[in-house]
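Engineer: Provided herewith is a single structure, encoded as structure tokens, for subsequent inquiry.
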Amino acid sequence: MERTSSRSSVLLLAIGLAMASTVLPCQAGSTGNGSAGSGQARFNNGMGLQQFRFEADAQKHCANDPVVWGSSANPGKFFTKDAGPQRVGGYFACMAEARIAGYEIVTGQ
């Protein structure tokens, strides 16, 4: 009886670990390199658009191009620093790349 119980416990543990390993990588930024998920946007297939979890990473990538901010709460839109909703979560990208990918750029003017 005890042997069957330990086999069941090992099987349940293996199933739990397998499920956790398939779910965890789906979280934004889980790759640990500062990028937001896969870097691909949902709008217009994200052609040419690299997204970053941290603004500093986007600034390094964008060089002289302004950094814009977006979130899944406002699909299809990126906001300049002086516009848009409060920045909680979300991702950053280069303004020119976001325009090329078909995003609307919302400015504070």
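The values are calculated or read from the model by the stated rules, or taken from the named source; none is laboratory data. Predicted model only: the values in this text are computed from it and were never measured. No Cβ is skipped: glycine too gets one built from the backbone with ideal geometry, and neighbour counts run over all protein chains shown.
Per-residue answers, yes or no, for (1) surrounded by fewer than 17 Cβ atoms within 10 Å (Cβ to Cβ); (2) among the charged types (D, E, K, R):
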| residue | (1), (2) |
| --- | --- |
| Ala73 | yes, no |
| Ala83 | yes, no |
| Arg87 | yes, yes |
| Phe92 | no, no |
| Gly102 | yes, no |
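Engineer: Kindly provide the set of residues from segment 72-95 that are out of contact with any helix residue (DSSP H, G or I) (no Cβ under 8 Å at 6 or more places or on another chain) and of a type in the set (A, V, I, L, M), ordered by number.
Structural biologist: Passing the criteria: Ala73, Ala83, Val88.
Engineer: Let me ask something additional. Would you please name the residue that is modelled with the lowest pLDDT, looking only at residues in segment 61-81 that are within 10 Å of Tyr91 (Cα to Cα) and assigned to a loop (DSSP other than H, G, I, E, B)?
Structural biologist: Only one residue fits best here, namely Ser72.
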